[in-house]
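Input: a single structure, listed below in structure tokens.
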Amino acid sequence: MLLRVTQYGEPILRKVGEPISDFGESLAELANDMVETMYEAEGIGLAAQQVDRARQLCVIDVRPPEGVDIPFHYSFDGKQPPLDLIMPMALANPKVTITDPTEASYEEGCLSFPGVNGKVDRPVGVRCEFQDTEGNPHVIEADGLLGRCILHEVDHLNGKLFIDHMDKRDLKKNESKIRKLKRASRDFLKERKP
């Protein structure tokens, strides 16, 4: 089922997600709906806050198009299974540690900020401990796009947004778009009030 993607200005995006404790069918269903919504919006990651739920859950799929080399290094539980076996991936209660603090710049976008892109510096290497939708523990280590995507989504789960890290010049360039999004969200929330 497709879910509505929350937009900048909706308070849920600044909420820290509640830890997941119930690893049942409803969590797997939510993760599947989030994956479907992410694909529909042509995204590579989606956090629970972006579908109006303040929970520690995000989904990720950074598989490159067929025939294109994987532009990052990764290990999953100490092995390197084909990405098709582990993606799309649902991460519940992710805990991130930085393994390579060297910063790299990359132009990021966000499904909650349609039309807004800007350079964001993030650490290159990450290690993420998380649980799958059945509660099984896993560890993923990654750099490149996968590492960045994990950092972007885990930020969402902690109420942080990519504009908080965006290059000041790029932020300035996007100012009017961001203001417009905020106004539209304010109007949307007013209409929704009973």
Using a Förster distance of 25 Å, how high is the FRET efficiency between THR97 and ARG14, based on the Cβ-Cβ distance and rounded to 0.05?
-> 0.55
How long is the gain from GLU129 to ASP167 if the chain were fully straight, where each residue apart is worth 0.36 nm and the alpha carbon distance is subtracted?
-> 10.8 nm
What order do you get for ASP187, ASP61 when you list them from fewest to most C-beta neighbours inside 10 Å?
-> ASP187, ASP61
So what's the net charge close to ASP143: Lys and Arg +1, Asp and Glu -1, counting the other residues with Cβ under 11 Å from its Cβ?
-> +1
Based on DSSP H runs of at least 4 residues, each adding -39500 (n - 2.57), what is the mean residue ellipticity at 222 nm of the chain after dividing by all its residues, to the nearest 500 deg cm²/dmol?
-> -9000 deg cm²/dmol
Filtering GluC sites (Glu not before Pro) in the range 124-175 by DSSP loop and by at most 12 other Cβ atoms within 10 Å leaves GLU134
Counting Lys and Arg as +1 and Asp and Glu as -1 over every other residue whose Cβ sits under 12 Å from the Cβ of LEU83, the net charge comes to -3
Using Cα positions and a limit of under 26 Å, work out the lysines in reach of LYS79, with same-chain residues fewer than 8 apart set aside.
-> LYS95
Cβ-Cβ FRET estimate between GLU42 and SER21, R0 fixed at 25 Å, reported to 0.05 = 0.20
1/(1 + (r/R0)^6) with r = Cβ-Cβ of MET87 and LYS193, R0 = 35 Å, i.e. FRET efficiency to nearest 0.05, evaluates to 0.35
Starting from the exponent 0.38 and prefactor 2.2 Å, build the expected Rg for the range 12-103 from its residue count and divide its actual Cα Rg by it.
-> 1.17
Within the under-13-Å Cβ sphere about VAL51, not counting VAL51, Lys/Arg +1 and Asp/Glu -1 give a net charge of -3
With a point put 7 Å past each Cα toward its Cβ, work out how far MET1 is from ASN136 in nm, to one decimal.
-> 2.7 nm
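We did not get these values from a lab; they are worked out from the coordinates using the rules stated. None of the values given here were measured: they were computed from a predicted structure. Backbone-built Cβ (ideal geometry, glycine too); neighbour counts: all protein chains shown.
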